[in-house]
1. Counting pairs of alpha carbon atoms under 8 Å apart in space and at least six apart in sequence, what relative contact order in percent does the range B:65-193 give?
2. Between B:V185, B:A72, B:A203, whose Cα lies farthest towards the positive end of the dipole of chain B when Lys and Arg beta carbons carry +1 and Asp and Glu beta carbons carry -1, centred on the Cα centre?
3. Counting other beta carbons within 10 Å of each residue's own, what order do B:D112, B:D138 fall into, fewest first?
4. Say we join alpha carbon atoms closer than 10 Å with springs in a Gaussian network model of chain A; which of A:A130, A:A163, A:A27 then has the biggest fluctuation?
5. Just flag the GluC sites (Glu not before Pro) in the range B:21-53 sitting in loop per DSSP whose Cβ has no more than 15 other Cβ atoms within 10 Å.
6. Taking the DSSP beta bridges in the protein assembly as shown as the whole, what percent of them are antiparallel, to the nearest 5?
7. Quick one: label points 7 angstrom along Cα→Cβ at A:R176, distances to the other copies in nm, smallest first?
8. Which single residue of chain B puts its beta carbon nearest to the axis of rotation relating B to A, and what distance, in whole Å, does that give?
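Read-outs throughout are calculated quantities, based only on the coordinates presented, and are distinct from any laboratory measurement. Just so it is clear, the structure is predicted and the values come from calculations on it, not from any experiment. Positions of Cβ are backbone-derived with ideal geometry, glycine not excepted, and every protein chain shown enters the neighbour counts.
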Number of protein chains: 2
Amino acid sequence: MTHHQDNSKEDVKNERHQQRQQKLKDAVETKVASAQEERGVLMIITGNGKGKSTAGFGTLTRALGHGKRAAAVQFIKGGWECGERNVLQKLGVDFAIMNTGFTWDTQDRVQDTLACEQTWCVAEKMLADAELDIVLLDELTYMVAYHYLAVERVVSALKNRPAHQHVIITGRGCHRALLELADTVSEVQSIKHAFEAGVKAQAGFDY
Amino acid sequence: MTHHQDNSKEDVKNERHQQRQQKLKDAVETKVASAQEERGVLMIITGNGKGKSTAGFGTLTRALGHGKRAAAVQFIKGGWECGERNVLQKLGVDFAIMNTGFTWDTQDRVQDTLACEQTWCVAEKMLADAELDIVLLDELTYMVAYHYLAVERVVSALKNRPAHQHVIITGRGCHRALLELADTVSEVQSIKHAFEAGVKAQAGFDY
């Protein structure tokens, strides 16, 4: 093959690339042009895979980077260390923590229901606070699944929140009523997980 | 129904809850006991849904909260504002940015390949740096999919990295060779997206 032939082949490749990208650009621009509404988005991140809570906290980090005001409610989580909380609390994010720990550790339906009620009460105030641009309700789904919290109360608080406020709900097995209300729903599926291959949960990566 | 009957029904519910949670606890403890290895994990977050990059940056936030050293490489991304970068750079995270913008905007295969090469060169140094506890390769998958970067080079750099170093790769359509090498793979599926319903990409939430 001569050098000249090589060059023409590359030219064809480059031209095809340019044409494909122009088509893509047209498609993207049409979509962007038809998406002009600005308002608070309800996003749910559910499914069995790793990355739901980190996506939630990552969005708070993103919001802070634009000078937004953020708050986080951690359902289930106990008093143990949480890397995100260590960082975000210092940066001004308001945290409410249910502080009971896993349901399989407490095994106490009455106490857990009470703790959920107290934590939800704080969440409701956040969802009514027009000064908050974004609220993360981390692992809320389990509260509804365990009947610690009626889904109607969650739906009502979400519907009545300030119009500009974004809300992110994370956790497995999200209730259908919340999925229906949501603007954006991502389902994180676990294809594989290091833990299943014998790797321990590690500080700074898994919590 | 008498008050006495009400109480017994609740008692039965509470007892059943306790028994179910004890079973769950046993299952969790068996799993935790068999996962004792501590080492750097390669995690890939792929799929079409929203939340891949925020999960990546959220994990960096988590790592910082435990005093870990983190770096991020942003492939594709241009010079525009990025909420996470605004926050994490100030907290000491090293950033390398490809700075070309979307392929449909540049439409230039030769220039994009060169920019990718330069950015990958920085990424390789990070993947060889034992002082880094975690490296995020944001949107790397597209570089391989577009043949800007040979997958063998990525595999080689990942295999030869320090044993304790965690790596996160994000982006759609991840190459099979990377998926096979990964310890943890999450696929984020889009169930619905506000953008499709006419909501604009908003600062502090979408970027």
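1. Numbers: 181 pairs, mean separation 33.3, N = 129.
Normalised by residue count, the contact order of the range B:65-193 is 26 percent.
2. B:V185
3. Details: B:D112 23, B:D138 26.
Least to most surrounded, the residues fall as B:D112, B:D138.
4. A:A27
5. Numbers: sites: B:E29, B:E37, B:E38; in loops: B:E38.
Those satisfying the criteria are B:E38.
6. On the way: 7 of 51 bridges.
Rounded to the nearest five, the antiparallel share is 15 percent.
7. Nearest first, the other copies' label points are 3.8 nm away.
8. Nearest to the symmetry axis by Cβ: B:G58, 1.
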